[in-house]
Amino acid sequence: MTTGHLAVIDMQRVFAEPDSPWATPRFASAAEGVRRLLPAFGDRVTFTRFVAPERPTGAWRAYYERWPFALRPPEAPLWHLTDDFAGGRHHTLDAPTFGKWTPELADRVAPEGRLFLAGVSTDCCVLSTALPAADAGVEVVVVADACAGADDDSHAKALELLDLYRPLIRVSTVAEVLGDGLL
């Protein structure tokens, strides 16, 4: 079994459904990578959900003026995890921010000190979670083929940027994480 903690970032309907303004084109590929990773982490998995705040403040006001469809309560269907991940026994963390490196996630990672990241989108919420975790001294591994970006170019650019943070952040693959090659 792999050591460390897996955070599965925002595998929600709003990013999966093709008619959503926030559809992530390669969501299904990322989901397949996540499904392959889950057994290796057992109960050391946290699923995150991006949810809208009740009342946006600061720059978030302008953000939600651009995306008013998203101003829905946390229980709205668009915020649900997709069916293949909903109802699982894994811990779920909600946050109204792109980054999910919250005190709650930090507490869950602390015993092992290694954070594996998968999910969507590489160029937003995955990136925004990886950087503060690395700043906190956590070893971060971004599993590239278990992530998807807003588009292929944004995904690739985000992975290139994340790889610049070596050795604090490493970009890897599902096969490397599950095999002996990475750890």
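Using every alpha carbon pair in the stretch 25-183, what percent of pairs falls into each 5 Å bin from 0 up to the bin containing the largest distance?
2, 8, 17, 22, 23, 16, 9, 3, 1, 0
Accessible area per residue for the stretch 42-181 in Å², computed with a 1.4 Å probe and the full protein assembly in place, what is it?
49
Once the piece of chain linking residue 54 and residue 110 is laid out straight, how much longer is it, given 0.36 nm per residue of separation minus the C-alpha distance between them?
17.2 nm
Along the principal axes of its C-alpha atoms, what lengths does the stretch 1-101 span, in descending order and rounded to whole Å?
Result for the stretch 1-101: principal-axis Cα extents of 45, 27, 20 Å.
So how tilted is helix 152-163 from the main axis of the chain? Cα-based, degrees 0 to 90, rounded to 10.
50
Order 172, 154, most accessible first, counting only protein heavy atoms with a 1.4 angstrom probe.
Solvent-accessible surface, decreasing: 154, 172.
How much of the accessible area of the stretch 38-183, in percent, comes from carbon and sulfur atoms when a 1.4 Å probe is used?
C and S atoms contribute 54 percent here.
Please say if the stretch 116-183 is rounded, prolate or oblate, where rounded means a/c under 1.5 for a ≥ b ≥ c the square roots of the C-alpha gyration tensor eigenvalues, and otherwise the choice is prolate for a/b larger than b/c and oblate otherwise?
oblate
What fraction of the DSSP beta bridges in the chain is antiparallel, stated in percent and rounded to the nearest 5?
Around 5 percent of the beta bridges assigned by DSSP in the chain are antiparallel ones.
The values are calculated or read from the model by the stated rules, or taken from the named source; none is laboratory data. Values in this document were obtained by computation on a predicted structure and should not be read as measured data. Side chains included, ligands, DNA and RNA excluded: accessible areas come from the protein's heavy atoms. Shrake-Rupley method; radii C 1.70, N 1.55, O 1.52, S 1.80 Å.
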